[in-house]
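The values are calculated or read from the model by the stated rules, or taken from the named source; none is laboratory data. Computed from a predicted model, the values in this text were never measured in an experiment. Using ideal geometry, Cβ is built from the backbone for each residue, glycine included, and neighbour counts are taken over all protein chains shown.
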Amino acid sequence: MAAEIIDGKAVALAVREAVAADVATLERPPGLATLLVGDDPASAIYVANKRKQCEAAGMRDLHQHLPGDIAQDELAAIVEALNADPDVTGILLQLPLPDHLDAAPLIASIHPDKDVDGLTEVSAGRLVLGKPGLRPCTPSGVIELLDAYGVQIEGAEAVVVGRSDLVGKPQAQLLLARNATVTMCHSRTRDLPSVCRRADILVAAAGVPRLIGPDSVKPGATVIDVGMHRTDEGLCGDVDFDAVSEVAGRITPVPGGVGPMTIAMLLRNTVTAAQLAAVTA
Ligand SMILES: Nc1nc(=O)c2c([nH]1)NC[C@@H]1CN(c3ccc(C(=O)N[C@@H](CCC(=O)O)C(=O)O)cc3)C=[N+]21
């Protein structure tokens with residue numbers, strides 16, 4: 001029997017509607033500062049979508065498009081100014097940056113309560129320690145999808161393939177916080193398919209096109225595909241969708257799965273950042 005398709009577009013729309021309703025209750029609409037450096041075409045499209053959805057949710061769009069040859073210290077000064085500006089609720093530095101820039105110290109300099117990407121050291125520490133804070137958008141979008149489809153996380157065997165700071169590591173922590181039994185796999189994992197076959201919830205975030213085939217999936221499992229690759233035949237993920245659909249119980253498509261959730265959770269985080277700011281004010 002073919003798997004149920006998890007509709008990320010529909011869940012993302014519902015999240016954005018809930019965010020808009022929350023924004024309407026706030027005294028002042030949150031402001032989201034998106035920083036786009038240079039002219040990478042994919043980044044330009046993502047940032048345009050973020051800005052459009054930010055405004056649609058009733059928030060203030062505080063975008064800055066910066067020249068591709070901006071110096072590291074100039075960009076650092078812009079982040080510092082946004083940190084200090086009470087009109088700025090959230091700061092998003094779109095990645096990747098041009099090669100001459102070092103992203104790590106710039107991300108580290110974002111005020112933790114404005115870190116709507118959830119990528120700073122403080123945000124990572126708050127997640128690990130179970131303290132309130134801003135969680136990375138893509139892995140929290142995955143949790144939202146699981147909840148939207150009634151997938152039981154508590155007690156489930158969850159396998160995360162990929163250990164990036166952006167997705168794999170925070171994904172494992174978020175699943176652990178919900179009382180899943182979490183296994184992390186990576187490029188050195190011995191016999192990846194046999195570990196993946198343990199999973200009730202399999203999150204593929206390795207960045208390898210169609211890495212996960214039907215031999216890696218337990219019948220009935222929920223398969224979440226975080227990968228996104230542009231190939232000659234169009235977009236594909238880390239999961240061989242057609243073949244895995246015949247085995248899985250539920251599966252996310254690419255596009256239309258996790259991708260739309262990433263932006264929706266950015267907006268959700270911006271409201272959370274407004275609430276964090278209100279607590280510390
Ligand atoms: N600071 C920072 N934060 C990010 O969150 C961040 C980033 N930098 N750099 C790039 C990646 C990538 N990313 C995506 C967002 C939305 C879709 C998305 O909406 N995808 C749609 C459309 C896909 C398409 O047609 O291109 C889908 O999967 O259905 C995908 C990918 C956010 N990123």
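Observations
- If the condition is being more than 10 Å from the ligand (Cβ to nearest atom) and closer than 14 Å to L66 by Cβ, then the stretch 83-113 contributes P98, H100, L101, L106.
- Residue in the stretch 269-276 that is closer than 20 Å to N49 by Cα, more than 16 Å from the ligand (Cβ to nearest atom) and outside any loop (DSSP other than H, G, I, E, B) present: yes
- I91 vs. criteria crowded, with 18+ Cβ neighbours inside 10 Å and assigned to a loop (DSSP other than H, G, I, E, B): no
- When R198 is tested against (1) of a type in the set (D, E, K, R); (2) touching a residue at least 40 places away in the same chain (Cβ under 8 Å); (3) in contact with a helix residue (DSSP H, G or I) (Cβ under 9 Å, 6 or more places away or on another chain), exactly one condition is not met: (3).
- Residue satisfying all of: in the stretch 1-32; aliphatic (A, V, I, L, M) and assigned to a strand (DSSP E or B); nearest to the chain's Cα centre (by Cα) among these: L32
Table: residues versus (1) assigned by TED's automatic domain parsing to the domain that holds P253; (2) surrounded by 21 or more Cβ atoms within 10 Å (Cβ to Cβ); (3) touching a residue at least 12 places away in the same chain (Cβ under 8 Å); (4) within 11 Å of the ligand (Cβ to nearest atom).
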| residue | (1), (2), (3), (4) |
| --- | --- |
| A14 | no, no, yes, no |
| V19 | no, yes, yes, no |
| D39 | no, no, yes, no |
| S43 | no, no, yes, yes |
| V47 | no, no, yes, yes |
| K52 | no, no, no, no |
| E55 | no, no, no, no |
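- Residues of the stretch 163-209 satisfying the condition of being touching a strand residue (DSSP E or B) at 6+ places or on another chain (Cβ under 7 Å), assigned to a loop (DSSP other than H, G, I, E, B) and not basic (K, R): A180, A199, D200, A205, A206, P209
- Residue within the stretch 241-249 that is under 22 Å from D117 (Cβ atoms) and either outside the structural domain of I91 (by TED's automatic domain parsing) or within 15 Å of the ligand (Cβ to nearest atom) (or both) present: no
- Criterion violated by A42 - all others in (1) at pLDDT 95 or above; (2) outside any loop (DSSP other than H, G, I, E, B) satisfied: (1)
- Conditions (1) in a loop (DSSP other than H, G, I, E, B); (2) within 16 Å of the ligand (Cβ to nearest atom); number of the one not met by R230: (1)
- Any hit, the stretch 180-201, residues being surrounded by 14 or more Cβ atoms within 10 Å (Cβ to Cβ), within 16 Å of the ligand (Cβ to nearest atom) and within 26 Å of L13 (Cβ to Cβ): no
- The residue pairs whose first member lies in the stretch 69-93 and is touching a residue at least 40 places away in the same chain (Cβ under 8 Å) and more than 14 Å from L276 (Cα to Cα), whose second member is surrounded by 15 or more Cβ atoms within 10 Å (Cβ to Cβ) and hydroxyl-bearing (S, T, Y), and whose beta carbons are closer than 7 Å, counting only pairs six or more residues apart or on different chains, are V79/S109; L92/T34.
- Single residue of the stretch 28-37 satisfying the filter (closer than 18 Å to L101 by Cβ and out of contact with any His (no Cβ under 7 Å at 6 or more places or on another chain)) that is nearest to the ligand (Cβ to nearest atom): L35
- For K9: the one exception among (1) within 16 Å of the ligand (Cβ to nearest atom); (2) surrounded by 20 or more Cβ atoms within 10 Å (Cβ to Cβ): (2)
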